[in-house]
Amino acid sequence: MDALTMTVVENILIILVTLAAGYLVAYLRKRLGVEGMQKLELELALKQELAETAVRFVEQTFRDLHGQKKYSQAAEWLAARAGEIGLKVTAEEIKGLVEAALRAFKDEFSEQWANVKKNEE
């Protein structure tokens, strides 16, 4: 009888340990996934901020440049600053980030321009 009881207790312990390990692995995967997403979100926000700064910098510094030349200056500045702080940015990311920042500034300017026109009427 003692051998049967010990076998049952051992089997129950094996099942409980296996379940606990499974829950622990699932929790760690979920936790690491959330932290990974937070890291990506933070990295994206930093890249977007750099892109906005790059557009402002180029607009202020290179007023005589237009089009592709102006974009090239913003892209170079963004790539250099990202490299300095250890951010990896591809050429496609740079293009998207600069274009998005420029679009946001144009949209903001358009609203301000419309408000000025309304006030003049």
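The values are calculated or read from the model by the stated rules, or taken from the named source; none is laboratory data. Note that this is a predicted model, so its numbers are computed, not measured. Heads up, the Cβs are rebuilt from the backbone with ideal geometry, glycines too, and the neighbour counts pull from every protein chain shown.
Among the residues of segment 57-115, which ones are in contact with a helix residue (DSSP H, G or I) (Cβ under 6 Å, 6 or more places away or on another chain), over 20 Å from Leu44 (Cα atoms) and basic (Lys, Arg)?
Scanning segment 57-115 gives a single hit, Lys70.
Which condition does Leu65 not pass, out of (1) surrounded by 10 or more Cβ atoms within 10 Å (Cβ to Cβ); (2) in a helix (DSSP H, G or I), if it passes all the others?
(2)
Consider segment 31-64. How many of its residues are at pLDDT 85 or above, over 23 Å from Thr90 (Cβ atoms) and not charged (D, E, K, R)?
So the count comes out to 3.
Can you tell me which of (1) at positive phi; (2) of a type outside the set (Asp, Glu); (3) at pLDDT 90 or above is the one Gly67 doesn't meet?
The failed condition is (3).
Name every residue in segment 81-116 that is surrounded by fewer than 11 Cβ atoms within 10 Å (Cβ to Cβ), at pLDDT 90 or above and of a type in the set (Gly, Ala, Ser), in order of residue number.
Once the filter is applied, which keeps residues that are surrounded by fewer than 11 Cβ atoms within 10 Å (Cβ to Cβ), at pLDDT 90 or above and of a type in the set (Gly, Ala, Ser), segment 81-116 yields Gly86, Ala91.
Let me confirm something: among Leu13, Leu40, which residue is out of contact with any Phe, Trp or Tyr (no Cβ under 9 Å at 6 or more places or on another chain) and over 30 Å from Lys106 (Cα atoms)? It would help to see each step written out before you state the result.
Values: Leu40 fails: over 30 Å from Lys106 (Cα atoms).
Step by step, each of Leu13, Leu40 is checked, and only Leu13 is out of contact with any Phe, Trp or Tyr (no Cβ under 9 Å at 6 or more places or on another chain) and over 30 Å from Lys106 (Cα atoms).
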